[in-house]
1. From the phi angles alone, apply the Karplus equation (6.51, -1.76, 1.60; θ = phi - 60°) to region 224-237 and give each ³J(HN,Hα) in whole Hz, x where the residue is Gly or Pro.
2. Assuming R0 = 35 Å, can you tell me the calculated FRET efficiency for the pair Lys52 and Asp196, based on Cβ-Cβ distance, to the nearest 0.05?
3. Using modelled backbone amide H atoms (1.01 Å from N, in-plane), which distant-in-sequence or interchain residues come within less than 5 Å of Ala134's amide H?
4. Among Gly110, Ile173, Gln140, flag the residue with its Cα farthest along the positive direction of the charge dipole of region 81-218, charges on Cβ as +1 for Lys/Arg and -1 for Asp/Glu.
5. In terms of modelled amide H atoms, which long-range or inter-chain residues lie less than 5 Å from the amide H of Ile113?
6. For Ile81, list long-range residues whose amide hydrogen, built 1.01 Å from N in the peptide plane, is under 5 Å from its own amide hydrogen.
7. Which of Lys233/Lys272; Lys52/Lys252; Lys201/Lys252 have a Cα-Cα distance over 18 Å?
8. In debye, nearest 20, what is the charge dipole magnitude of region 168-265 about its Cα centre with +1 on Lys and Arg Cβ and -1 on Asp and Glu Cβ, if you could check?
Amino acid sequence: MSVKLLTYPVFTALIALTIGGCQEQTRETGAPEEEEQTTRENNEERPGWSYKGETGPDNWGELDEAYAACANGKEQSPVNIDSAQVEEKEEREDLEINYQSSSFSLANNGHSIQANSAGSENHLVINDEEYELAQFHFHQPSEHLFNSERYEMELHLVHESENGDAAVLGVMIEEGEENDTLSGLWDELPSEETEDDVNLKSPVDLPELLPEDQTTFHYEGSLTTPPCTEEVKWMLFEEPIEMSEDQIQDFKEIYHENHRPVQPLEDREVIKN
Ligand SMILES: [Zn+2]
């Protein structure tokens, strides 16, 4: 078990988010004890969505009124991070990432593999607002692009504040060394959609999961899945982490191409921190 406090600056210009983020958890995740209920509610009240064809990303906005932001939103995610458009500012505030080795339960939610927090010990502090880690999940290939480059996979760590504001840490994954931090989780990947979460046998050493270099790109975006709710604070690590070819292949056999195409950045700021 290890506890590591990571502190690095974030810009004052980053504005605390208002409501909207809470749906990230309800829709994209669901706490372990709520998962079954959430799944049923989704199936009964909202149409299913997918990553291709008639229920794919091009049509998400038309599948349900509640998904309108997927088509009409002005600050949607993911985006391409273009170095030429990234701003660097002098005035910064502290962003704390308080992670420790923690227990999770695993779900295959029909769109990705998701690890749900068993406790409430992991959080971010941004502009004095605390965001608790609710879950993390994976996309293959990456959803965000760096200078139009797509990575093999992308990890999203989804946090929520008491006010329902959402903040997501994104980590690019490239093929390389085996990722030991995820090897225990990978041994238990549920290949079929799950009704109940499976408790992981061993904890995940979250601080070890993050890249060494703490440089991040910040922008205001949305959920990358229906209902595409906006006012989500995105922080993307510049440095990727690695997973082995076998680990990436294991995930691809369950989910591949579970990514939304990039959305127009328009006049949004991307700030390098
Ligand atoms: Zn995601």
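The values are calculated or read from the model by the stated rules, or taken from the named source; none is laboratory data. In this text the structure is predicted, and so the values were computed from the model without any measurement. Cβ: placed from backbone, ideal geometry, glycine included. Neighbour counts: every protein chain shown. Only protein heavy atoms, including side chains, enter the accessible area calculation; ligands, DNA and RNA are left aside. Shrake-Rupley method; radii C 1.70, N 1.55, O 1.52, S 1.80 Å.
1. Using θ = phi - 60°, the values come out as 9, 10, x, x, 6, 4, 8, 6, 9, 8, 9, 9, 10, 5 Hz.
2. Plugging the Cβ-Cβ distance into 1/(1 + (r/R0)^6) gives 0.80.
3. Under 5 Å from the amide H of Ala134: Val158, His159, Glu160.
4. Checked the options; the winner is Gly110.
5. Hits under the 5 Å cutoff: Phe138.
6. Here the answer is Leu145, Phe146, Asn147, Ser148, since their amide H atoms fall under 5 Å of that of Ile81.
7. Correct reply: Lys201/Lys252.
8. For this selection, approximately 540 debye.
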